[in-house]
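A.B. asks: Got a structure here, written out as structure tokens. Questions coming.
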């Protein structure tokens, strides 16, 4: 098996990895686009690789921070969220993979946020990837490549301290266990004790990821990787009303970064364990086997209190149940002073088990003028979940209850909670009920042919999926889907490679259900598992590699459609499938060195995402379907732009010092709706914002000191507001972290 040198580490890796090193921010190859070691310059699809060097320079602490400078990616679509990762690629929520296997399923509770320190690189593939992976949305996927054993010793330990009492210790140790290099090891660990920008919300984490590689010959490698996590946190998502967050209320009051409308004893705790086995074998120069298998177990236990936005429609419903207790003219507040809000309370325990495996053979051969690299494989996924939940309860709203003032909060005064069904319960004895046990399994068979003929590069591929959905108490459902891909690229002798591609997508949605509203329950409707999402895309672009500098420039234009999207404008009404989204866009990026001392990352993207179809909603007047066609998808800005650069002194008395900074621009976004009672249009626009980041560092053979700052000006900004739901997401406050690393 070939060995490669890891960027900036001086260590050889002889384990199954995504690809080679990422040096000076520039990745030369990636397995994510083809499942083979294909150079990125020859891969006819938009792929951006964020290596560990870039993540280190930018002070990345979560996956959303790692992808903020990637074109076409809205990294913080609904603001800071300690519960999990949420990013949007080309107007469509992304799915997450680790080592080529899907890791995100359903909602936050079914998975766990990715820890970037456990990764060598983050790969963002834009556009469909279902021909290879099966379970991917049309917008794209984010794949993390785990840190695996190295053939050359490498050890480091880091202590960090920063804003909001952030304290973290992490270490990474790897090397051979035997003199002949037959056995290699790596242990990556992290311990964090931290607050957050939101009052009373912690973000503590313990993680350890040991791995062991056995190489009996140069042609065979077996690696076992474990990852054990224990997160103790709360929810930084407060679901604050538009009035008083997006804009001040009529008395000039406005939420800030620290606003907390929950209860101090709220919690969001997740325990996760996973085991992964990699097996690689080279039969000869023309035939290779790659296999990766993982089992993950996630337990999520949470109780969360957050803003319950009482729209006029919700007030009207509660008035019909409890009598005339609300004045719709005050919505979304309980008082004319626009400060008192109702709150929602949710308590839930979820136990999720996920088994994934992907096995493929890659062979090379020649037919006349054409050379072929054919990859054929089979993969399997099984997702099983058990959930105990209290549903959604409402607090601080009925007559006689103490009201909650979001600008002058008093905690611990709840007297009782009431449900959407009209009964009241004690906050100390919330009734729980068991949701039906759900199992989804998917088997996929795929074949791909990468063809070379002179300067021409072709990719042809097809895949068949068989999906089974079993839910206790409901008939078993089955789905089949065929995913295809066809692409052509022309490789020039001066580094500019244009390409054209067409691909389709198929996305099962385990853990997601439709028919979840009070109206469904009252009318006796059965909750049903969601059907898969379907999509297709056409993309034309280019890849440019500078002939003498480690510098790449990539660009693409595309049009995509996603079908079967779930929409649920209001928790009182049904979650319904049947929305179709059309997206047209353009992206360009430049990554690498423009001077020996200067590394840069620059990007711009234009995204026009609109509804091409929209379903009628139970409980709404007819006509909502026609109204929403042509409206923009909630919270998707048309314009994104960013620039990051780091200057490193190469000689003289300041040798080893580096300084850098970045600017991120996120354009305005819109959200449309229609008032149920008046039929008036609701049009909410979230304004654009510009943020600045900075870093300074000193490094020598054994030490590295670094100081990073995100949102340096501490600009208060709202990431998006939803017209129907009425709530907003708040962005990241100024965050400054200093780190000291010892390398040995």
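The values are calculated or read from the model by the stated rules, or taken from the named source; none is laboratory data. Everything numeric here is computed off the predicted structure, so don't read it as measured data. A quick note on method: Cβ atoms are made from the backbone with ideal geometry, for glycine too, and the neighbour counts reach across all protein chains shown.
A.B. asks: Provide a single number: the residues in the range 426-436 that are under 30 Å from the mean Cα position of the chain (by Cα) and surrounded by 14 or more Cβ atoms within 10 Å (Cβ to Cβ). Walk me through it before giving the result.
C.D. replies: Here is the first cut: in the range 426-436, the ones under 30 Å from the mean Cα position of the chain (by Cα) are 432-436.
Narrowing further to those that are surrounded by 14 or more Cβ atoms within 10 Å (Cβ to Cβ): 435-436.
Adding up the residues that qualify gives 2.
A.B. asks: The conditions are (1) in contact (Cβ under 8 Å) with a residue 40 or more places away in the chain; (2) under 16 Å from residue 298 (Cβ atoms); (3) buried (at least 21 other Cβ atoms within 10 Å of the Cβ), and residue 104 fails exactly one of them. Which is it?
C.D. replies: (1)
A.B. asks: What are the residues in the range 393-406 that are surrounded by 17 or more Cβ atoms within 10 Å (Cβ to Cβ) and either part of a strand (DSSP E or B) or at pLDDT below 95 (or both), if any?
C.D. replies: Quick first cut of the range 393-406, residues surrounded by 17 or more Cβ atoms within 10 Å (Cβ to Cβ) only: 393-398, 401, 404-406.
Result: 393, 394, 395, 396, 397, 398, 401, 404, 405.
A.B. asks: If you go through the range 64-79 one residue at a time, how many are in contact (Cβ under 8 Å) with a residue 60 or more places away in the chain and within 24 Å of residue 658 (Cα to Cα)? Outline the logic, then answer.
C.D. replies: Just the residues of the range 64-79 that are in contact (Cβ under 8 Å) with a residue 60 or more places away in the chain, to begin with: 65, 67-74, 76-79.
So of that shortlist, the ones also within 24 Å of residue 658 (Cα to Cα) come out as 65, 67-70.
Going through the range 64-79 one residue at a time, the tally reaches 5.
A.B. asks: Quick check, is residue 411 modelled with pLDDT of 90 or more, surrounded by 13 or more Cβ atoms within 10 Å (Cβ to Cβ), in contact with a strand residue (DSSP E or B) (Cβ under 9 Å, 6 or more places away or on another chain) and part of a loop (DSSP other than H, G, I, E, B)? Break it down stepwise before answering.
C.D. replies: Details: modelled with pLDDT of 90 or more: yes; surrounded by 13 or more Cβ atoms within 10 Å (Cβ to Cβ): yes; in contact with a strand residue (DSSP E or B) (Cβ under 9 Å, 6 or more places away or on another chain): yes; part of a loop (DSSP other than H, G, I, E, B): yes.
Against the criterion (modelled with pLDDT of 90 or more, surrounded by 13 or more Cβ atoms within 10 Å (Cβ to Cβ), in contact with a strand residue (DSSP E or B) (Cβ under 9 Å, 6 or more places away or on another chain) and part of a loop (DSSP other than H, G, I, E, B)), residue 411 qualifies.
A.B. asks: Okay, moving on. Quick check on the range 416-438. Is at least one of its residues touching a strand residue (DSSP E or B) at 6+ places or on another chain (Cβ under 9 Å) and within 30 Å of residue 127 (Cα to Cα)?
C.D. replies: Yes, the conditions are met somewhere in the range 416-438.
A.B. asks: Here's a follow-up. Taking the conditions exactly as written (farther than 18 Å from residue 288 by Cβ and modelled with pLDDT of 95 or more), does residue 73 satisfy them or not?
C.D. replies: Judged against the criteria, residue 73 is a match.
A.B. asks: Pick out the one residue from 138, 114, 124 that is closer than 30 Å to residue 348 by Cα and either surrounded by fewer than 19 Cβ atoms within 10 Å (Cβ to Cβ) or touching a residue at least 40 places away in the same chain (Cβ under 8 Å) (or both).
C.D. replies: Numbers: 138 fails: closer than 30 Å to residue 348 by Cα; 124 fails: closer than 30 Å to residue 348 by Cα.
Of the residues listed, the single one that is closer than 30 Å to residue 348 by Cα and either surrounded by fewer than 19 Cβ atoms within 10 Å (Cβ to Cβ) or touching a residue at least 40 places away in the same chain (Cβ under 8 Å) (or both) is 114.
A.B. asks: Could you pull out the residue among 461, 444 that is at pLDDT 95 or above, closer than 30 Å to residue 352 by Cα and surrounded by 14 or more Cβ atoms within 10 Å (Cβ to Cβ)?
C.D. replies: On the way: 461 fails: closer than 30 Å to residue 352 by Cα.
Of the residues listed, the single one that is at pLDDT 95 or above, closer than 30 Å to residue 352 by Cα and surrounded by 14 or more Cβ atoms within 10 Å (Cβ to Cβ) is 444.
A.B. asks: For the range 640-682, what are the residues that are more than 22 Å from residue 586 (Cβ to Cβ), out of contact with any helix residue (DSSP H, G or I) (no Cβ under 9 Å at 6 or more places or on another chain) and assigned to a strand (DSSP E or B)?
C.D. replies: 645, 647, 648, 657, 659, 661, 671, 682
A.B. asks: Name the one entry in 713, 697, 709 that is surrounded by 15 or more Cβ atoms within 10 Å (Cβ to Cβ), closer than 24 Å to residue 197 by Cα and at pLDDT 95 or above.
C.D. replies: On the way: 713 fails: surrounded by 15 or more Cβ atoms within 10 Å (Cβ to Cβ); 697 fails: closer than 24 Å to residue 197 by Cα.
That would be 709, the only listed residue that is surrounded by 15 or more Cβ atoms within 10 Å (Cβ to Cβ), closer than 24 Å to residue 197 by Cα and at pLDDT 95 or above.
Residue by residue, here is whether (1) more than 11 Å from the chain's Cα centre (by Cα); (2) at pLDDT 95 or above; (3) buried (at least 21 other Cβ atoms within 10 Å of the Cβ) holds:
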residue	(1), (2), (3)
5	yes, no, no
9	yes, no, no
21	yes, no, yes
34	yes, yes, yes
59	yes, yes, yes
77	no, no, yes
89	no, yes, yes
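A.B. asks: To continue, here is another question. Need the failing condition index for residue 476 against (1) surrounded by fewer than 18 Cβ atoms within 10 Å (Cβ to Cβ); (2) closer than 28 Å to residue 241 by Cα, just the number.
C.D. replies: (2)
A.B. asks: Say we look at the range 605-628 and pick out the residues that are at pLDDT 90 or above and out of contact with any helix residue (DSSP H, G or I) (no Cβ under 9 Å at 6 or more places or on another chain); which of these is surrounded by the most Cβ atoms within 10 Å (Cβ to Cβ)?
C.D. replies: 607
A.B. asks: Turning to a different aspect of this structure: Looking at the range 493-530 only, could you name the residues that are at pLDDT 80 or above and either outside any loop (DSSP other than H, G, I, E, B) or closer than 21 Å to residue 383 by Cα (or both)? Even if it seems obvious, please write down each step before you answer.
C.D. replies: Kept after step one, since they are at pLDDT 80 or above, are these residues of the range 493-530: 493-507.
Passing the criteria: 496, 497, 498, 499, 500, 501, 502, 503, 504, 505, 506, 507.
A.B. asks: Filter the range 657-673 down to residues that are over 20 Å from residue 74 (Cα atoms) and crowded, with 17+ Cβ neighbours inside 10 Å and give me whichever is modelled with the lowest pLDDT.
C.D. replies: 673
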